[in-house]
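Reviewing the structure listed below.
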Amino acid sequence: MSKGKAKSEEINETIRSEDNWEPVGPTPMPEMSDLRRWDLRLLKTYKPFYSPFCDLCCFCTYGKCDLTGDNKGACGINISGQQGRWALMFALMGCSAHGAHGRHLIDYLIDKYGEDYKIDLGGQVAVEAPHMRTVMGLKPETLGDLRKGIEYVERGIIHGVSATHMGQEGSNIDFESKSLHIGMLDHVAMEVADIAQTIGFKFPTSVAETPLAGLGWGSVDKSKPVVTCVGHNAAVATVMIDHFMKMGTYDQVEVTGICCTAIDNTRYSDKTKIIGPLSKQLFFLRTGIADLIITDEQCVRCDIPDLARATGSALIATSDKISYGLDDVTHKEIDEIVRLITQEGKQVLIRDVDKAGEVAAKVLPIVAKGRKKEITTKEKAQELAKECKACGLCDRVCPNLLNISAATSDVRDGKFEKMADLFAKCIGCGKCEQECPKSIPIITTMQAAASWDTFNIRVGRGPIHDVEIRKVGMPIVLGTIPGIIAIVGCSNYPEEIEEIAEIAEEFAKRKYIVVLSGCAAMAAGMKKDAEGKTIYEKFKPDFDAGGVLNVGSCVANSHITGAAMKVANIFAKLPLRANYEVIADYILNRVGAVGLAWGAYSQKAFSIGTGCNRMGIPVVLGPHSAKYRRLYLSRKEEDDWTVMDGRKKELINTEEPSPEHLSIVVESKERAIITMAKLCIRKNDTAQGRQLKLNHYISLYKQHMGTLPDDLQNFVRNDKDIPIVYKKEVAEYLKSVGWKPKPLLTLPTLIGTYESNIPIDAVVR
Amino acid sequence: MSLPLHYVNVLTGLKGCRVIEDPQALGKIIKKSERPLLVFGPRCPDIFLNGRYAIEYGVDIVKAIGAATCATACTKKKLMEYGILPDSTYDIIEIINHLKDPDWKGVKKQGNHDLVMFLGVRTDLGNQGLSTLKHYAPHLKTVTLCPYVYPHATFSLANLKADKWKEYLEGLIQSLKS
């Protein structure tokens with residue numbers, strides 16, 4: 001439905017349209033189809049590519065319906081529509097997870113501080129919420145304003161979910177448009193959540209050089225009582241740490257975490273330790289090092305109560321999203337809950353943050369007393385593996401296609417080298433154990449083979465500073481900083497975890513800006529050089545050429561995309577306010593940013609990536625992500641690459657596929673590196689910038705492929721673009737393929753190439 | 001329907017592959033093709049089969065029938081070491097994206113291919129890509145040459161042990177040469 005007067009008035013009131021920080025742009029608080037024409041323009045070039053998991057639709061009682069060939073379901077949907085529907089559902093799940101996290105934090109913090117609690121991100125961050133400003137048109141000032149952001153996201157989710165119902169949307173393209181919309185909302189939700197926790201828990205902000213924190217399961221001092229927080233919501237941990245401090249026992253305990261709660265715990269206190277990413281959850285919890293496990297939300301194993309029981313760890317669940325069938329003791333007195341846990345050995349659900357934090361602080365020293373925490377020895381592992389017949393059933397269920405049987409049978413024979421290699425690639429699902437006819441606890445045997453080294457990670461710093469954007473805005477847009485490489489997402493890696501550090505280092509050495517978050521930020525810290533330094537100790541932590549920075553947990557991803565928006569705003573002076581289409585167009589054509597989600601597995605990662613795509617940021621995915629079933633690919637040079645020259649107001653066929661894809665899966669680390677270097681190319685690059693980008697693309701391609709890139713002709717516009725070191729070689733190659741110079745642009749934009757209310761002048765500053 | 005080796009990554013559907021157990025029969029199918037393409041995945045230079053790498057068998061197949069070639073990931077460098085300059089160097093998803101289009105000109109610009117063989121791609125990624133082709137490329141036949149059942153392929157090998165696979169590939173090459 002189009003917006004009526006009442007709706008417009010409601011929006012004006014929500015965003016305080018009378019505030020004059022910027023004029024209100026064309027799309028304040030857009031609804032699901034308000035940016036549809038932008039989506040359709042993107043999808044014209046970057047068409048959805050589908051890899052169905054199965055041939056059927058089994059959503060309603062009409063079915064199952066065969067969707068192969070030209071078949072349609074009983075409702076009329078075809079295979080593409082069904083894949084589009086899956087894509088929308090994934091995006092909704094991801095957005096909802098971040099949104100619910102944000103909602104929980106805001107409700108908790110408003111309860112604590114009141115809705116008028118001010119947003120203050122420090123002296124270096126004046127553009128505090130680029131997503132809220134750009135998407136909604138609201139410049140948030142208080143926690144109450146952040147709540148408006150979440151309410152807006154919640155409203156969008158209802159409409160999105162509704163569209164997935166049987167007998168609603170049928171077009172795959174419109175499903176994709178809705179996915180893109182939900183992906184955009186996800187970035188609003190993440191931004192709201194991270195600003196809320198930054199101001200509420202006083203996380204670092206406006207500082208680049210945050211402290212280093214301990215990383216790795218080997219960094220945990222198991223002689224102390226150990227609490228391990230699993231999930232993505234640090235609220236309970238912050239209260240627990242406060243209690244430890246108040247009791248004067250903080251130095252006597254180890255506060256550890258897995259996944260993003262761990263990242264955010266270090267933002268609250270750099271004395272906390274990060275055990276590792278999701279892929280090490282089962283491995284670590286199986287060790288029994290954790291005397292107490294606290295679960296919150298997202299990426300938490302569903303069998304933690306069983307794991308805790310098996311090792312004798314105490315368990316407190318704290319989220320209504322993960323209740324595990326446990327007794328809800330929220331209403332009971334603290335002393336009674338402590339008694340239930342410590343004397344009756346009960347696992348409990350406590351849905352009150354403050355109560356859960358206090359209980360945790362009180363029970364930890366008690367439950368830790370007398371517990372033996374022994375890591376599986378080589379002798380013990382050999383004993384556990386003695387029944388292995390190398391039947392290979394474990395190999396057949398490994399999602400990472402690993403040769404588990406060879407490693408396990410070696411352990412049986414007292415050899416651990418293969419198991420150590422396997423552990424580096426293991427994604428920690430435990431399916432191998434389930435399949436083993438001899439019930440060998442394979443993950444447990446890994447304790448004897450794994451490295452117990454300790455590493456460092458730089459504590460998440462939150463938003464990119466406005467002053468940093470002022471410094472790098474021009475070189476990014478001109479191309480003389482070759483690109484922003486955002487390495488994000490989960491730990492479903494196809495090969496060794498160390499690949500993340502290797503990729504990050506490759507780009508940092510080449511003076512790209514490397515930004516990390518979440519599990520990828522942890523993984524990047526899990527490799528040391530010959531001097532024992534991790535990537536965080538080798539490169540400066542600034543948002544600048546050659547910098548390597550950790551912004552924080554999953555929800556801090558919004559600061560990475562927010563930085564691209566800030567380039568448009570702070571450097572190019574484009575207004576953000578309710579001006580999404582113009583800002584996304586600017587980023588697509590001028591900001592050489594690319595995301596890498598090498599181990600993406602979650603719906604959140606899908607949603608984040610889809611949000612990046614709507615704002616013109618391409619995303620490279622690892623091989624496992626083919627199971628998301630949808631990508632956005634161009635047909636490279638065979639597509640129409642016409643754009644508008646904003647200054648001349650002329651349509652120009654650039655013949656240049658840049659950026660070439662919006663969402664692509666690649667097979668290997670080396671190919672990912674080459675692809676990312678190419679995806680940083682933008683139509684706006686100056687000759688100097690293009691030379692630099694091509695220099696990296698060519699050198700990487702030659703290193704890994706042995707020749708000049710065979711699509712080089714697509715990216716050389718004229719002689720000035722050719723890198724000097726390759727001048728002769730490239731000139732000869734271009735001649736051999738019949739290359740001709742391409743038209744030059746002064747201001748590339750898609751605005752004007754499709755029907756839109758946005759005037760071309762809106763992109764000219 | 002035969003189960004694939006890595007059955008963890010594969011769900012069944014209504015349209016499954018035909019497992020060709022006789023290499024001579026597969027040879028006949030391939031020889032009927034007018035514009036065959038062999039896609040080399042990144043695993044084929046690493047798979048060692050008692051004296052020869054899988055990539056060498058791929059090279060023999062290409063030479064036997066004059067098939068067009070596509071090197072994915074970073075396989076191009078290895079192929080060149082074996083004396084083959086691949087006709088194209090797309091990544092796996094990109095070549096599949098092109099193959100979907102019946103009007104695509106193919107890697108040699110002579111028209112889209114009618115039969116595509118795959119060798120050395122990760123099974124999970126390969127299976128997803130074959131699903132795309134099963135659903136969106138009815139104009140072409142797909143053949144997998146790895147020793148695993150690929151349910152979404154048109155023609156697949158059975159799940160084979162290394163020695164049987166080697167035997168199969170040798171039989172196939174002999175058939176293609178005859």
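The values are calculated or read from the model by the stated rules, or taken from the named source; none is laboratory data. Please read these numbers as outputs of a predicted model, since none were measured by experiment. Here the Cβ is made from the backbone with ideal geometry for all residues, glycine too, and neighbour counts use every protein chain on show.
For region B:54-79, residues that are free of Cβ contacts under 8 Å to residues at least 24 places away in the same chain and within 9 Å of chain A (Cβ to nearest Cβ) total 2. The residues of region A:570-580 that are part of a helix (DSSP H, G or I) and surrounded by fewer than 24 Cβ atoms within 10 Å (Cβ to Cβ), listed by number, are A:Ile570, A:Phe571.
Looking only at residues in region B:80-98 that are more than 20 Å from A:Thr675 (Cα to Cα) and among the aliphatic types (A, V, I, L, M), the one that is farthest from the other protein chains (Cβ to nearest Cβ) is B:Ile84. Do the conditions hold for B:Gly120, that is, is it within 14 Å of chain A (Cβ to nearest Cβ), on the phi < 0 side of the Ramachandran plot and surrounded by 22 or more Cβ atoms within 10 Å (Cβ to Cβ)? So B:Gly120 fails the test. Comparison of A:Gly183, A:Gly167 shows that the only residue that is closer than 30 Å to A:Lys64 by Cβ, in contact with a Ser or Thr (Cβ under 6 Å, 6 or more places away or on another chain) and not assigned by TED's automatic domain parsing to the domain that holds A:Leu285 is A:Gly183.
Looking for whichever is among the basic types (Lys, Arg), closer than 30 Å to A:Thr14 by Cβ, touching a residue at least 12 places away in the same chain (Cβ under 8 Å) and more than 14 Å from chain B (Cβ to nearest Cβ) here; the options are A:Arg85, A:Arg103. Which one fits? After applying the criteria, what remains is A:Arg103.
Looking across region A:712-742, the residues that are within 14 Å of chain B (Cβ to nearest Cβ), at negative phi and surrounded by fewer than 18 Cβ atoms within 10 Å (Cβ to Cβ) come down to A:Ser736, A:Val737. When A:Lys636, A:Lys669, A:Lys648, A:Lys604 are checked against the criterion of being in contact with an Asp or Glu (Cβ under 9 Å, 6 or more places away or on another chain), farther than 17 Å from A:Ile476 by Cβ and at pLDDT below 95, a single residue qualifies: A:Lys636. Considering the conditions (1) part of a loop (DSSP other than H, G, I, E, B); (2) free of Cβ contacts under 8 Å to residues at least 40 places away in the same chain, A:Met245 is excluded by exactly one of them, (1). A single entry from B:Ser178, B:Ser131 fulfils the requirement of being out of contact with any helix residue (DSSP H, G or I) (no Cβ under 6 Å at 6 or more places or on another chain), of a type in the set (Gly, Ala, Ser) and crowded, with 23+ Cβ neighbours inside 10 Å: B:Ser131. Within region A:560-581, residues that are basic (Lys, Arg) reach partners that are part of a helix (DSSP H, G or I) with beta carbons closer than 6 Å, at six or more positions or on different chains, in the pairs A:Lys566/A:Pro130; A:Lys566/A:Ile469; A:Arg577/A:Arg133. Among the criteria (1) aliphatic (A, V, I, L, M); (2) modelled with pLDDT of 95 or more; (3) farther than 30 Å from A:Thr311 by Cβ, the one A:Ile442 does not fulfil is (3). All of B:His113, B:His139 fail the test of being within 13 Å of another protein chain (Cβ to nearest Cβ) and either at pLDDT 95 or above or part of a helix (DSSP H, G or I) (or both), apart from B:His139. Of the helices (runs of 4 or more DSSP H) lying entirely inside region A:339-398, those containing at least 3 residues that are buried (at least 17 other Cβ atoms within 10 Å of the Cβ) and within 14 Å of chain B (Cβ to nearest Cβ) are A:393-397.
So that you can scan it fast, the table gives a plain yes or no per residue for (1) surrounded by fewer than 24 Cβ atoms within 10 Å (Cβ to Cβ); (2) touching a His at 6+ places or on another chain (Cβ under 9 Å):
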position: A:Val472; (1), (2): yes, no
position: A:Phe507; (1), (2): no, yes
position: A:Val514; (1), (2): no, no
position: A:Lys527; (1), (2): yes, no
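Residues A:Asp116, A:Asp111, A:Asp145: which one is touching a residue at least 12 places away in the same chain (Cβ under 8 Å) and in a helix (DSSP H, G or I)? That would be A:Asp145, the only listed residue that is touching a residue at least 12 places away in the same chain (Cβ under 8 Å) and in a helix (DSSP H, G or I). Within region A:42-58, being touching a helix residue (DSSP H, G or I) at 6+ places or on another chain (Cβ under 7 Å), within 11 Å of another protein chain (Cβ to nearest Cβ) and not in a loop (DSSP other than H, G, I, E, B) holds for A:Pro48, A:Phe49, A:Tyr50. Inspect all residues belonging to region A:634-651 and state whether any of them is surrounded by fewer than 23 Cβ atoms within 10 Å (Cβ to Cβ), farther than 22 Å from B:Lys76 by Cβ and within 14 Å of another protein chain (Cβ to nearest Cβ). Yes, there is a match, as at least one residue in region A:634-651 is surrounded by fewer than 23 Cβ atoms within 10 Å (Cβ to Cβ), farther than 22 Å from B:Lys76 by Cβ and within 14 Å of another protein chain (Cβ to nearest Cβ). Would you point out the residue of region A:57-108, among those that are surrounded by fewer than 21 Cβ atoms within 10 Å (Cβ to Cβ) and among the aliphatic types (A, V, I, L, M), that is farthest from A:Val192 (Cα to Cα)? So the residue we want is A:Ala74.
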